[in-house]
Amino acid sequence: MDKRYWVGFNLVKGIGAVRLQALCNHFGDLALAWHAPTDALQAAGLSPKLAERVAQVRAGVDLDNYLKKVMAQGIEILTWDDELYPPRLKEIDQPPPVLYVRGALTTEDSWAVAVVGTRRVSAYGRQVAEELASFLASNGVTVVSGLARGVDAIAHQSALKAGGRTIAVLGCGVDRIYPPEHAQLAEKMMASGALISDYAPGTPPDASNFPPRNRIISGLSMATVVVEAGETSGALITAQFAIDQGREVFAVPGNILAPQSKGTNRLIAQGAHPMLSVRDLLDVLNLTRVTEQRLVRKVLPTDETESKLMSVLTHEPLHMDEIRNQTGLPIERVSATLVMMELKGLVRQVGGLNYVAVREEQAGYKA
């Protein structure tokens, strides 16, 4: 797959998931869209101003040289069409079409929890963040956060100290570490996790970039835990994204008089899970089975029935009855096999006997 044109459109401000999909649908090929005249781009749904912006970017960038420079920095480019694109992130509404990665994303990162919170963390918040991230990492769960000062940095550091994996989602290019004092932490993370961003390399850490990137933090994660947050904390934006994405939200209760706990206490009042113990998180998400899932996935072979089920399953929910109809297999065999495949981590039930594929890249399947 030619990634040049994905990157080209990613460089155009205003071209996101919806407009890129519209271009794909209209032209059938991004290469055709990239080289199309402005009137054809407008016919595809772009405004005159945006079509002109595409033309300006196209005239000002040599995509071949740009990609060479990106790859020379050890930056991997993932698009919707890549098997290594995080399956859980692909499930959200309007997933980022392009991700830039330093380090490595692995299949283990499907078990991920976001740990976020205020930059002005209290001693209480620090202790909770340290214990939470350490416990998650020790239990094979990847810790996701934003590399910011305070709770984010503590979560990343604690996960690494516990020997686990951790991912930072940046509000700038992955070649621009922000805040700069976290450069050494970022280097360590690239050896045991990844830095990712949907902003092109070279993008500065503008304030307007950070709220949108929070949808990726929550989108990568099974759940989001807010350790401490003031009433206007960016961590509350991450929690709202998680709610919108149908993911679990946990909040650490705190002193009702403490500014750092006003946001978390309000989340609990609005229905977030109160995190009274780190084991609450594992129980609600059924993460106590992580080690078991990995072991079973390695031990049990794939059979013809699993292959048939994986051939119809995608990242879009499919009801068990429809799976039966499309495969022609007896419902009893479909049900029993799905249970085993869920244990192996190949599929996930998303409610109401609806299933999605979550492990296509490891098993070598293509839906």
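The values are calculated or read from the model by the stated rules, or taken from the named source; none is laboratory data. Nothing here was measured: the structure is a model prediction, and the numbers come from that model. Virtual Cβ from ideal backbone geometry, glycine too; neighbours counted across all protein chains shown.
Some observations on this one:
- Which listed residue, of Val98, Val115, is more than 27 Å from Val7 (Cα to Cα) and either modelled with pLDDT of 95 or more or basic (Lys, Arg) (or both): Val115
- Condition check for Ile237 on (1) more than 25 Å from Ala207 (Cβ to Cβ); (2) free of Cβ contacts under 8 Å to residues at least 40 places away in the same chain: one failure, at (1).
- Restricted to helices (runs of 4 or more DSSP H) entirely inside region 173-250, those with at least 3 residues that are at negative phi and either crowded, with 20+ Cβ neighbours inside 10 Å or within 14 Å of the chain's Cα centre (by Cα) (or both) are 210-219, 234-244.
Residue by residue, here is whether (1) in contact with a His (Cβ under 6 Å, 6 or more places away or on another chain); (2) closer than 30 Å to Glu228 by Cα; (3) among the small types (Gly, Ala, Ser) holds:
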site	(1), (2), (3)
Ala22	no, no, yes
Met71	no, no, no
Val98	no, no, no
Thr107	no, yes, no
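- Elements of type strands (runs of 3 or more DSSP E) contained in region 35-145, each with 3 or more residues being buried (at least 21 other Cβ atoms within 10 Å of the Cβ): 98-103, 112-116, 142-145
- You will find that of Gly14, Gly103, the residue that is touching a Lys or Arg at 6+ places or on another chain (Cβ under 7 Å) and either of a type outside the set (Asp, Glu) or in contact (Cβ under 8 Å) with a residue 12 or more places away in the chain (or both) is Gly14 and no other.
- Residues of region 44-59 that turn out to be closer than 11 Å to Val12 by Cβ and free of Cβ contacts under 8 Å to residues at least 24 places away in the same chain, as a count: 4
- Of all residues in region 159-172, those being over 22 Å from Gly219 (Cβ atoms), among the aliphatic types (A, V, I, L, M) and outside any loop (DSSP other than H, G, I, E, B) number 1.
- Listed by first and then second residue, the pairs linking a residue in region 169-186 that is of a type in the set (Ser, Thr, Tyr) to a residue that is surrounded by fewer than 18 Cβ atoms within 10 Å (Cβ to Cβ), with Cβ atoms under 6 Å apart and 6 or more places separating them unless they lie on different chains, are Tyr178/Pro205.
- Lys262 vs. criteria of a type in the set (D, E, K, R) and either out of contact with any helix residue (DSSP H, G or I) (no Cβ under 6 Å at 6 or more places or on another chain) or in contact (Cβ under 8 Å) with a residue 40 or more places away in the chain (or both): yes
- The lone exception for Ala357 - which of (1) surrounded by fewer than 16 Cβ atoms within 10 Å (Cβ to Cβ); (2) in contact (Cβ under 8 Å) with a residue 24 or more places away in the chain it fails: (1)
- Looking across region 333-354, the residues that are out of contact with any strand residue (DSSP E or B) (no Cβ under 8 Å at 6 or more places or on another chain), within 16 Å of Pro317 (Cα to Cα) and in a helix (DSSP H, G or I) come down to Val334, Ser335, Val339.
- The one condition in (1) free of Cβ contacts under 8 Å to residues at least 60 places away in the same chain; (2) under 20 Å from Ala200 (Cα atoms); (3) touching a helix residue (DSSP H, G or I) at 6+ places or on another chain (Cβ under 6 Å) that Leu20 fails to fulfil: (1)
- Top-ranked residue of region 81-91 - restricted to ones that are at pLDDT 90 or above and under 18 Å from Tyr199 (Cα atoms), ranked as nearest to the chain's Cα centre (by Cα): Leu89
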